Amino acid sequence: MTFFGWFPQRWKSSVDVCLFPEPVPLAQQMASGLWSDLKGQVPKMKSTHLRSLMQDQARNDSMFVQSGQMVLDYCRQKVDSETMSKLFDLAEKAGVEQRKAKMFAGERINQTEGRAVLHPALRAPRSASIALDGQNVVPEVWKVLDAMKGFSDKVRSGEWKGFTGKALTDVVCIGIGGSYLGVEFVYEALKTDPEAAAAAQGRKLRFLANVDPIDVQRALEGLNAETTLVVIISKTFTTAETMLNAKTVKAWLVKELGSADCVAKHVVACSTALDKTQAFGIDSNNVFGFWDWVGGRFSVWSAVGVLALSLQYGFGIVNQFLEGGHAMDQHFQKAPAKENLPLIIGLLDVWNCSMMGHEGVAILPYCQALVRFVPHIQQLDMESNGKRVQMDGSEVPVGTGAINFGEPGTNGQHSFYQLMHQGRVIPSHFIGFAASQNPVELPGEAVSNHDELMSNFFAQPDALALGKTAEELKADGIPEKLIAHKTFPGDRPSLSLLLPVCNAHWLGQLLALYEHRTAVQGWLWDINSFDQWGVELGKVLAKEVRGYLSQARKGSADDSKFLTPTKKLLAKYLE
Ligand SMILES: O=P(O)(O)OC[C@H]1O[C@H](O)[C@H](O)[C@@H](O)[C@@H]1O
């Protein structure tokens with residue numbers, strides 16, 4: 001079956017895409033009263049406590065959605081059926097279906113960079129057909145996947161040897177942002193998965209991202225150059241941090257191994273800029289490519305993630321991750337709106353951010369393996385949706401881009417949950433798994449260790465939603481002077497996602513779910529979620545400072561282009 005085998009025939013080409021009505025630009029939506037209609041829901045929802053909303057069992061049932069073995073429960077959101085129906089209307093008017101179809105059809109929806117957004121093609125089965133400018137990109141994708149399988153098999157089996165003839169057991173990945181965060185998230189998440197852990201026996205994977213030289217020391221600590229493979233990961237192969245770190249580690253290899261010829265055996269690259277990898281001295285046979293239609297923050301499914309993860313865990317496990325991502329793509333495309341998890345979560349996040357005025361969203365995985373999930377989602381969501389103008393350049397008339405933050409539970413409960421319970425209202429995503437990667441059951445304990453963890457996963461959303469009233473505290477015999485301090489207002493929205501187990505397949509599903517949630521939000525706001533011009537200005541100014549420091553370290557330099565406070569601080573630094 002082709003990738004589009006299940007896909008409605010009418011969405012198959014960009015011409016057919018035109019069968020959908022054009023999405024209505026946000027400003028027009030505002031004028032047409034759709035958002036104000038939704039805004040009209042706000043006073044009602046603000047004045048109705050979740051305690052009341054949750055008394056309606058039919059409402060709660062309608063907000064318990066299942067996709068295969070993944071469950072989304074959003075009855076603890078400050079919405080009723082009328083609000084939800086207006087949100088689904090909004091999705092329709094904003095053209096979410098049409099924009100989604102354009103993305104999957106390879107249209108250049110990243111308009112400011114003139115690029116398609118085809119990361120789903122990276123996880124499509126070999127037999128799929130996804131066209132960009134009339135060319136099926138899937139065979140190209142699988143050509144690189146096959147090459148990475150071949151290379152990682154050789155390294156893992158010891159057939160590929162280092163400069164001194166030893167097998168390469170350790171890998172250092174050098175990359176930053178999208179060329180780092182997703183890879184580290186998946187690496188960490190699989191480290192304790194039994195199948196992946198067995199496959200990684202005797203191997204090490206390290207990351208070097210920060211240009212801070214301390215990170216070099218940490219990444220190389222205890223490594224032997226003779227057994228170390230360096231993977232330089234950079235889409236553009238121009239990122240200042242990555243280039244300097246790559247040169248630093250190359251110098252370490254050459255020093256340790258005594259010859260510049262070691263590079264051919266110890267350095268490989270993942271990039272779209274093959275001319276630049278060659279200029280760096282990397283043999284083009286050791287470069288694994290990808291394409292400009294893969295955004296950095298969506299690139300873990302490409303060579304960016306697949307190579308390093310295959311070296312550590314073997315290609316078979318990484319393929320399960322790809323298949324999980326593809327399963328979520330299918331769900332996102334096929335499932336009706338009311339059962340469509342990325343759509344619902346995107347709508348709820350927009351409702352909370354743009355209508356209810358909550359500026360943050362807490363992402364709370366009850367799974368220590370997801371320790372690097374939130375940093376990855378921060379880049380994915382905040383770099384995508386931290387935008388101030390719409391596609392046509394006009395200012396977005398509503399608040400966009402929430403501050404995504406979080407920590408695994410239960411650690412976060414002993415840290416910032418105080419603020420969530422009695423301080424600010426922060427809509428939250430609770431993420432849990434039915435089974436643990438490491439089941440532990442102690443004789444004499446009331447529950448298994450995983451059930452202990454999950455008791456908190458189930459309790460916290462109710463504590464946030466229901467709170468505890470002064471009357472209840474009085475009935476518990478709490479002294480009068482403590483009642484105010486111990487009162488929990490409740491009425492704090494959350495949603496809960498329950499998955500079977502944290503393995504490669506479900507990690508793929510979870511990450512693709514969050515990618516599509518991000519896209520849905522951007523489509524509702526009519527912003528471009530796929531560019532990132534906001535990261536440029538700081539880079540340009542850093543270049544000026546770099547030039548100044550270089551001169552200043554040699555003697556004197558002209559600081560006249562800097563602000564007076566900046567000059568003062570620079571002078572102090574150079575003292
Ligand atoms: O992969 P690279 O070209 O080295 O880019 C690494 C990162 O740096 C950029 O500044 C962007 O903010 C990120 O989206 C990107 O992932």
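With r defined as the distance between the Cβ atoms of Val447 and Asp133 and R0 fixed at 56 Å, what FRET efficiency is calculated, to the nearest 0.05? The value I calculate is 0.50. Given their separation in residues at 0.36 nm each and the Cα-Cα distance between them, Gln55 and Glu536 gain 168.2 nm when the chain is fully extended. This ranking places Cys353, Cys270 by how few other beta-carbon atoms lie within 10 Å of each, fewest first, which gives Cys353, Cys270. The dipole here belongs to segment 512-574: it is taken about the Cα centre, uses +1 on the Cβ of Lys and Arg and -1 on the Cβ of Asp and Glu, and is about 580 debye.
When Lys and Arg each count +1 and Asp and Glu each count -1, what net charge do the other residues less than 12 Å away from Lys46, Cβ to Cβ, add up to?
+2
Figure legend: label point modelled 7 angstrom from the Cα of Ser284 along Cα→Cβ; residues of segment 142-178 with amide N under 20 Å from it are 142-148, 151. Applying a DSSP loop filter and a limit of 13 other Cβ atoms within 10 Å to the GluC sites (Glu not before Pro) in segment 155-242 leaves Glu159, Glu221. Working from label points 7 Å from Cα in the Cα-to-Cβ sense, the Lys561 to Ala264 distance is 4.2 nm. Given their separation in residues at 0.36 nm each and the Cα-Cα distance between them, Glu92 and Lys481 gain 134.8 nm when the chain is fully extended.
Extension gain, Glu82-Leu244: 0.36 nm per intervening residue step, less the Cα-Cα distance, totals 52.8 nm. Packing around the peptides 511-520, 64-73, 425-434, taken as the average count of other Cβ atoms within 10 Å per residue, puts them in this order, highest first: 511-520, 425-434, 64-73.
Mean residue ellipticity at 222 nm, helices only, the chain: -13500 deg cm²/dmol; runs of at least 4 DSSP H residues each add -39,500 (n - 2.57), and the sum is divided by the number of residues. Of Gln368, Met355, Gly393, whose Cα points farthest to the positive end of the dipole of segment 354-416 (charges on the beta-carbon: +1 Lys, Arg; -1 Asp, Glu; origin at the Cα centre)? After comparing all options, I get Gln368.
Going by how many other beta carbons lie within 10 Å of each one, how would you line up Tyr313, Tyr573, fewest first?
Sorted ascending by nearby Cβ count, the order is Tyr573, Tyr313.
State which entries of Lys93/Lys334; Lys276/Lys568; Lys154/Lys191; Lys39/Lys334 exceed 26 angstrom in Cα-Cα distance in the structure shown. Violating the 26 Å limit, Cα to Cα: Lys276/Lys568; Lys39/Lys334. Simple rule: put +1 on each Lys or Arg Cβ and -1 on each Asp or Glu Cβ in segment 32-151, find the dipole, and look at Leu34, Met70, Met45; the Cα lying farthest toward the positive end is Met45. Dipole of segment 534-574 computed with +1 at Lys/Arg Cβ and -1 at Asp/Glu Cβ about the Cα centre; of Ala557, Tyr573, Gly538, farthest Cα towards the positive end is Tyr573.
Each Lys and Arg Cβ is given +1 and each Asp and Glu Cβ -1; about its Cα centre, the chain then shows a dipole of about 1140 debye.
In plain terms, the residue of Met328, Met54, Met355 with the fewest other Cβ atoms within 10 Å comes first and the most crowded comes last, giving Met54, Met355, Met328.
Values in this text are rule-based calculations from the coordinates and carry no lab data. This one's a predicted model, so the numbers in the text were calculated from it and none came from an experiment. Note that each Cβ is placed from the backbone with ideal geometry, even for glycine, and that neighbours are counted across all protein chains shown.
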